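Asks: Below is a structure I'd like to ask you about.
Throughout, read-outs are computed from the coordinates displayed, never taken from laboratory work. Predicted model only: the values in this text are computed from it and were never measured. Neighbour counts are summed over all protein chains in view; Cβ atoms, including those assigned to glycine, are modelled from backbone coordinates with ideal geometry.
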Amino acid sequence: MKRKLKKSLKMFLPYGIVALQEKHKDYKVKKEKEYVFDVIFSLGNACRPAYHLQKHQLRFCANPLDWMMSYSLDTVIHLYQTKFNDFFLDYVEVPQKMDWFTDVKNNVTSIHYPEIGTDNKEFNIKMKNRFEIANKNLIKANKIGFICNRNDDQIAFSDFLKKMGEMYSGEITLIHIKHNEEIDGIRTPIKCSKTKISERLKLIEYEFNDVHENGNDKINNPDFWHGNVRIWNSIVGKIAVRQNFISYLLKSEKV
């Protein structure tokens, strides 16, 4: 951490500490948004939410599930409760897919981590360490955010929030992006509903046609997985993560 702080200070050395503090003030002004959290994490069920958090510089803390896919909310609860202890300890290769692996016990698919195939135990340790940092942030957070685009119903989301509320004492908000091809966000307005599950738990759902402007064809459009970028930008643009001055200096892209 000290080395990273030195690097950050050296990078901005011509400006001096006063200029850095002014930059931080400007940053805080820009971050006065509709949804303000101490921390926010993606919940899949694939990479899209993590991608948009990173694009908007909101992914200050990495989550082991950020770049995973095809997992259930029950799996999320299990992994958070067990601190990812059994994550990818038992896996199989996905047929005819290079570097695709499925966690047999947790039914999670990885397509971005080839090291699973060479040393899954080392990968498991790496992800447990990653979650340890995330978990510390969740424990101390007063306002926790999660964001996902899934096919689950409100009952499943409500159950998920209640179980998360048993693990963490802060206010928890789940932002769910729901695909509806009949809502383009132009001729037909985006639907937004807010459901109060309890005093600490809230579900916010945005419903729209979540398809990339160049189509959903995986072969002809390599960016298909970004979804409806215009509307994602408008929604994620409403989110801010609180950062003190030191955290602002140390913020960086996570992998």
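Asks: Between region 109-137 and region 193-227, what is the C-alpha centre distance in whole Å?
Replies: 26
Asks: If you take the Cα Rg of region 76-151 and divide it by 2.2 N^0.38 Å, with N the number of residues, what do you get? Provide the component values of the computation, followed by the final result.
Replies: Working: Rg = 13.9 Å, N = 76, 2.2 N^0.38 = 11.4 Å.
For region 76-151, the normalised Cα radius of gyration comes out at 1.22.
Asks: Mind listing the Cα extents of region 122-187 along all three principal axes, in Å, largest one first?
Replies: Over region 122-187, Cα extents along the principal axes are 47, 30, 21 Å.
Asks: Once you sort the root eigenvalues of the Cα gyration tensor of region 48-116 as a ≥ b ≥ c, which label holds: rounded (a/c under 1.5), prolate (a/b larger than b/c) or oblate (the other case)?
Replies: Numbers: a/c = 2.12, a/b = 1.27, b/c = 1.67.
Oblate is the answer for region 48-116, as a/c is 1.5 or above yet b/c matches or exceeds a/b.
Asks: If you wrap a convex hull around the C-alpha atoms of region 129-255 and split its volume per residue, what is the figure in Å³?
Replies: Working: hull volume 19.1 nm³, N = 127.
Looking at region 129-255, the number lands at 150 Å³ per residue.
Asks: For a protection proxy built on the mean count of beta-carbon atoms within 10 angstrom, sort 68-76, 128-136 highest first, please.
Replies: Values: 68-76: 19.4, 128-136: 15.9.
Highest mean packing first, the order is 68-76, 128-136.
Asks: Please state the charge dipole magnitude for region 102-255, taken about the Cα centre, from unit charges on C-beta atoms (+1 on K and R, -1 on D and E), reported in debye and rounded to the nearest 20. Numbers along the way, then the final one.
Replies: Details: 24 positive and 21 negative charges, 171 e Å.
Computed about the Cα centre, the dipole is about 820 debye.
Asks: Here is a further query. Past 28 Å, Cα to Cα: identify those pairs from 105/163; 121/238; 121/178; 136/178; 55/218; 33/178, in the order given. Could the numbers behind the result be given before it?
Replies: Values: 105/163 20 Å; 121/238 39 Å; 121/178 35 Å; 136/178 30 Å; 55/218 21 Å; 33/178 22 Å.
Checking Cα-Cα distances, 121/238; 121/178; 136/178 exceed 28 Å.
Asks: Which whole-number percentage describes the relative contact order of region 146-251, with Cα contacts under 8 Å and a sequence gap of 6 or more?
Replies: Relative contact order, region 146-251: 21 percent.
Asks: Now for a different question. Give me the aspartates and glutamates in straight-line cross-link reach of residue 140: C-alpha distance below 16 Å, same-chain residues under 8 apart excluded.
Replies: Cα-Cα hits under 16 Å: 38, 132, 166, 171.
Asks: Among all the aspartates and glutamates, which ones have a C-alpha under 20 Å from residue 191's C-alpha, if same-chain residues fewer than 8 places away are not counted?
Replies: 34, 152, 153, 181, 182, 205, 207, 210, 213
Asks: To continue, here is another question. What is the list of residues in region 196-215 whose amide nitrogen lies under 19 Å from a point 7 angstrom out from the Cα of residue 242, following Cα to Cβ?
Replies: Those under the cut-off are 199-202.
Asks: Also: List 178, 162 from most exposed to least, where exposure is judged by having the fewest other Cβ atoms within 10 Å. Before the final figure, lay out each step's value.
Replies: Working: 178 18, 162 14.
With the sparsest Cβ surroundings first, the list reads 162, 178.
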